[in-house]
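Below is one structure, written out as structure tokens; the observations come after it.
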């Protein structure tokens, strides 16, 4: 199979990896990028830093691998947007990150169209998705140039092409989920009808060529990051699901080739478009996972993510945390929600707070899994997981306990990049079936539930009350202000 340079451009870092035809990792280079968290719910990135991280990591990875690269691919953040000059490629705004909540008012003004948006797109009218942030840029920052997701800008820098892939486009609130094409009525709803939008390409398409990493190489297999991980974990059959624990936590469940809308508060989007067909997925998001851990670090409660299991106590001693540090996404869709701790006393210690945050992340994932099970029509038999926070045994055990299913940890720290490499191989070799473009795997670690079902249910009931209390308090504060 094809040797691929796979670049995973994420929220807090960019990873470049060269993978040979046997799926052996020949080199990995990871460079940090720094989101800027602003008051009022703003989260921004410097576009030039994103581009530099892509070019520098890619060039270093190719040099370290020492072999010719036959295809280059890019996995992207999904809903991060910016304005830029299509003639020069120069950024005209900061990149507005998927976590940014400043477009909440833009969604509120269009609340009467929420049902239309949900039916047409499979998504929820929420600032998490691209279109509200695109409109916010137009109203608050600039009317010049084009406004797109970050992948279209990065691919323009690499190849000169103006494209986005089907999975990324499906996260925009601007496409019809059935036809996977830009929808004129939705564009008009967000006052984006006059915008020049990128061509939507399939996930197995070669879209151009780049010379920025050495010898000329085709670029293809473009994909959004979470769908790349879904492929890497071989969730190829309807009902199979994975959760990636990165900056946020992202649950995706394969739902086959029928574009069914969720009835339980999840989003429905394109999983991938390959070989002339479209596969779909349900997905739900925990807005803050590793970013909540970095918040704990900033407070001095831990020294870093590697410190979680040492500091966390065996139980939280009654402390509950709703870690809504960037609002609540599915199934609540409360962008203005704020984080809360409850149940604290004078005996509460740092370890209790750390455990409560981890339990709060796990509880949100459990809610998402319940929603997915209702949409799929049967409970999950296991959950496949990847991402940096899977190194925390305390968190993974909490997930298994609250879900009451086995949790299988993906054996590589590079699921997104490996999935992107699979799509690149599918692009480079049109005769290669998708299920042969990625290798099979066995878990590095598995976690079985240790908590009794009744105890887990009781905890989740208390945690839901904490969520309801936090949401009620937030609404009252907003009404009084």
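A short reminder: the numbers here are calculations on the coordinates, not readings from a lab. In this text, all values refer to a predicted model and were calculated from it rather than measured experimentally. As a convention, Cβ positions derive from the backbone with ideal geometry for all residues, glycine included, and neighbour counts pool all protein chains shown.
Tabulated data for the structure shown
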{"item": "Cα long-axis angle, helix 130-140 against the chain (0 to 90 degrees, to the nearest 10)", "result": "90 degrees"}
{"item": "Which of 107, 235 has the fewest Cβ neighbours within 10 Å, and the rest in rising order", "result": "235, 107"}
{"item": "Semi-axis lengths, Å, the stretch 1-52, gyration tensor of Cα atoms, sqrt of 5 times eigenvalues", "result": "31, 9, 8"}
{"item": "Expected 222 nm ellipticity per residue - DSSP helices of 4 or more, -39500 (n - 2.57), all of the chain, to 500", "result": "-10500 deg cm²/dmol"}
{"item": "Dmax and Rg, reported as Rg then Dmax, of the stretch 261-411 (C-alpha, Å)", "result": "16.5, 62"}
{"item": "Compactness relative to 2.2 N^0.38 Å, alpha carbon Rg of the chain", "result": "0.92"}
{"item": "Gain upon complete extension [residue 52, residue 36; 0.36 nm per residue less C-alpha separation]", "result": "4.1 nm"}
{"item": "For the stretch 1-24 versus the stretch 131-180, the gap between their alpha-carbon centres in whole angstrom", "result": "23 Å"}
{"item": "Compactness index (Cα Rg / 2.2 N^0.38 Å), the stretch 393-481", "result": "1.73"}
{"item": "Two-site FRET efficiency, residue 196 against residue 347, from Cβ-Cβ distance with R₀ of 60 Å, rounded to 0.05", "result": "0.50"}
{"item": "Among beta bridges that DSSP assigns inside the chain, antiparallel share in %, nearest 5", "result": "75 percent"}
{"item": "The stretch 211-230-the stretch 300-342 distance, computed between alpha-carbon centres (Å)", "result": "34 Å"}
{"item": "Whole-angstrom gap from the stretch 231-279 to the stretch 350-383, using each part's C-alpha centre", "result": "17 Å"}
{"item": "Label-point separation, residue 236 to residue 451 (7 Å along Cα→Cβ), nm", "result": "3.5 nm"}
{"item": "Degrees between helix 350-376 axis and first principal axis of the chain (Cα, 0 to 90, nearest 10)", "result": "60 degrees"}
{"item": "Ranked list, fewest to most other Cβ atoms within 10 Å of each Cβ, for 192, 222", "result": "192, 222"}
{"item": "Linear extension gain, residue 188 paired with residue 391, 0.36 nm per residue minus alpha-carbon span", "result": "68.6 nm"}
{"item": "In degrees, nearest ten, helix 47-65 long axis to first principal axis of the chain (Cα)", "result": "70 degrees"}
{"item": "Descending Cα extents along the principal axes, the stretch 4-226, whole Å", "result": "56, 38, 31"}
{"item": "Translational D in µm²/s for the stretch 331-383 (Stokes-Einstein at 10 °C, 1.306 mPa s, Kirkwood Rh from C-alpha pairs)", "result": "118 µm²/s"}
